[in-house]
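The next block holds one structure in the form of structure tokens; read it before the comments.
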Amino acid sequence: MKLNLVPARTGATWVRSGLQTFARRPLAFMALFMFFMALVSLVSQVPLLGTVLALALLPTMTLGLMTAAAAVSGVGGGSIPANLFAIAFQAVRKDARPLAVLGVLYAVLFLLVMGISALIDGGQFARAYLMGSQITREVAESGAFQGALWVSLALYLPLSLAFWHAPALVHWHQVPPAKSLFFSFVACFRTFGALSVFGLVWMGVVLGAGMLLSTITVLLAAVGLFGSGEGAGMAMGSTLVVGGVLVTAAMFFTSAWFSFKGTFEADDATTVERR
């Protein structure tokens, strides 16, 4: 396994490749993403442990969508497979144990970050983020809440870098979970320029999509005034916005595969076998 030190502009290429790959099987990627989201939503309803279980599923969802992206992008040769669900589930099944370890580590460390933030504002930010608790404008603008927010962001950055490539390293290079976190963090640190461009381009995509969807929502509401009513137009616009958010999220996870592919020297024989 060799680390590729890529220029910063490569981050934009990763995004473009992810969007192109998603466009080749959009319905399949959306169905797979929606399945994982439904699974996360389901386990989150488990009493007491729901939040922990939902967090622990993130590495599994990441790997499932990455293996689907790898298959569609033609890694290892061959035609585009029809059943991406089978590919994703096979990958998850083969690496169920290390993925479970990664999931537990992610949940514990994420909750630790939230716990540290709770020391600053008494847990208001943590409750709002994890449980969707309602907060007033005064609380959101308070110094304690803002401090907890920024501390959480600062602590979550190294956590996200450690888990960024970890599921893929476990699957394609059979790296043990603990080592995969270390290798992922080092790789992200060494290619931080490309990852920064990757993130900035995605911010542009999200903002552009948001502006487009907002414009369409306003137009639908305006058309509704002369048709079935403003409420119907707004409902259609809201549905469109939710759908747009889900599509964008699915495309983001698809492009994550290319950040891994571009960062590590792949062993073609291993890649074919593990798929």
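Just so you know, all these numbers are worked out from the coordinates, no wet-lab data involved. Source: prediction; values computed, not measured. Here Cβ is always computed from backbone atoms with ideal geometry, including for glycine, and neighbour counts include all displayed protein chains.
Using the Cβ-Cβ distance between Arg93 and Met1 with R0 = 30 Å, the FRET efficiency computed as 1/(1 + (r/R0)^6) comes to roughly 0.80.
Here is how the number arises for the chain: DSSP H runs of 4 or more residues each give -39500 (n - 2.57), the sum is divided by the residue count, and the result at 222 nm is -27000 deg cm²/dmol. Note: relative contact order over the stretch 39-125, using C-alpha pairs below 8 Å and six or more positions apart, is 28 percent.
Considering only alpha-carbon pairs that sit under 8 angstrom and 6 or more positions apart, the relative contact order computed for the chain is 33 percent. The value obtained for the stretch 94-138, namely the Cα convex hull volume divided by the number of residues, is 66 Å³ per residue.
Please find the FRET efficiency linking Glu265 to Leu111, where r is the Cβ-Cβ separation and R0 is fixed at 30 Å, and quote it to the nearest 0.05.
Working: r = 35 Å, r/R0 = 1.16.
Efficiency at R0 = 30 Å is approximately 0.30.
Placing +1 on each Lys and Arg Cβ and -1 on each Asp and Glu Cβ, with no other charges, gives the stretch 2-274 a dipole about its Cα centre of roughly 520 debye.
If you wrap the chain in the convex hull of its Cα atoms and look at it from every side, the mean projected area works out to 16.5 nm².
Full extension of the chain between Met211 and Leu246 gives 11.0 nm of extra length, using 0.36 nm per residue less the Cα-Cα distance.
By other beta-carbon atoms within 10 Å, ranking Met34, Met61 with the fewest at the front produces Met34, Met61. Spin-label pair Ala86-Arg16: with each label point 7 Å from Cα along the Cα-Cβ axis, the two points sit 3.4 nm from one another. Length gained on full extension, Arg127 to Gln45, computed as 0.36 nm times the residue gap minus the Cα-Cα distance: 27.9 nm. As a rough footprinting exposure proxy, the listed residues Thr248, Thr60, Thr67 were ranked by other beta carbons within 10 Å of their own, and the order from fewest upward is Thr248, Thr60, Thr67.
Listed by number, the DSSP H helices of the chain that run 27 Å or longer by alpha-carbon position along their axis and have mean Kyte hydropathy of at least 0.0 are 96-121, 143-164, 192-225, 230-263. For the stretch 199-218, the residues whose backbone nitrogen is under 15 Å from a point 7 Å from the Cα of Ser160, taken along Cα to Cβ, are 199-207.
Put in line by how crowded their Cβ is, counting other Cβ atoms within 10 Å and starting with the fewest, His173, His165 read His173, His165. Take the chain, connect every pair of alpha-carbon atoms lying under 10 Å apart with a spring to form a Gaussian network, then pick out the residue of Val205, Val15, Val197 with the largest mean-square fluctuation. So, out of Val205, Val15, Val197, the one fluctuating most is Val205.
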